[in-house]
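The numbers here are math on the coordinates, done by the rules we state, and not lab data. As the structure is a computational prediction, the values presented were derived from the model and not from experiment. Counting neighbours? That spans all protein chains shown, and the Cβs are built from the backbone with ideal geometry, glycine included.
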Amino acid sequence: MDRNRTQTIRQEMISHLEQAPLTVRDISQAVSIMEKDVFHHLAFIEKSLRHQQKKLRVEPYQCLKCGFVFKERKTFKRPGKCPKCREGRIASALFRIEPV
């Protein structure tokens, strides 16, 4: 985190998300912040994109055992367990920014 930033963290995140779909881990490594902080920033990015004719798209989390897809999830955080099979192995969601 010692590097000098020319953009804010959110501006950097937006820049990366416009280029390619990324997981929370990818985002945290790209902008040098902790994974738990990414979720907070994503919520604000989603709101600010409304004014820019862009949208934050989420390819949802998915259970690796039974294939259950968390389509109706309202938060960006990773679910703890699958409601269908109770397995804790969940594939990461992918986030990207697209024009509306």
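3J(HN,Hα) along the range 18-24, derived from phi through the Karplus expression 6.51 cos²θ - 1.76 cosθ + 1.60 where θ = phi - 60°, amounts to 6, 7, 7, x, 9, 8, 4 Hz, with x in place of Gly and Pro. The Cα atoms of the chain define a convex hull whose projected area, averaged across directions, is 6.8 nm². Okay, helix-only estimate at 222 nm for the chain: each DSSP H run of n ≥ 4 adds -39500 (n - 2.57), divide by all residues, round to 500 deg cm²/dmol; what do you get? Estimated from H runs of four or more residues: -10500 deg cm²/dmol.
With θ taken as phi - 60° and the Karplus curve 6.51 cos²θ - 1.76 cosθ + 1.60 applied, the whole-hertz 3J(HN,Hα) list for the range 44-61 is 6, 4, 4, 5, 6, 6, 4, 7, 10, 6, 10, 9, 7, 9, 10, 8, x, 4 Hz, x standing for glycine and proline.
As a length-normalised measure over Cα pairs under 8 Å and 6 or more apart, the relative contact order of the chain settles at 33 percent.
In terms of other Cβ atoms within 10 Å, K47, K55 run from fewest to most in the order K47, K55.
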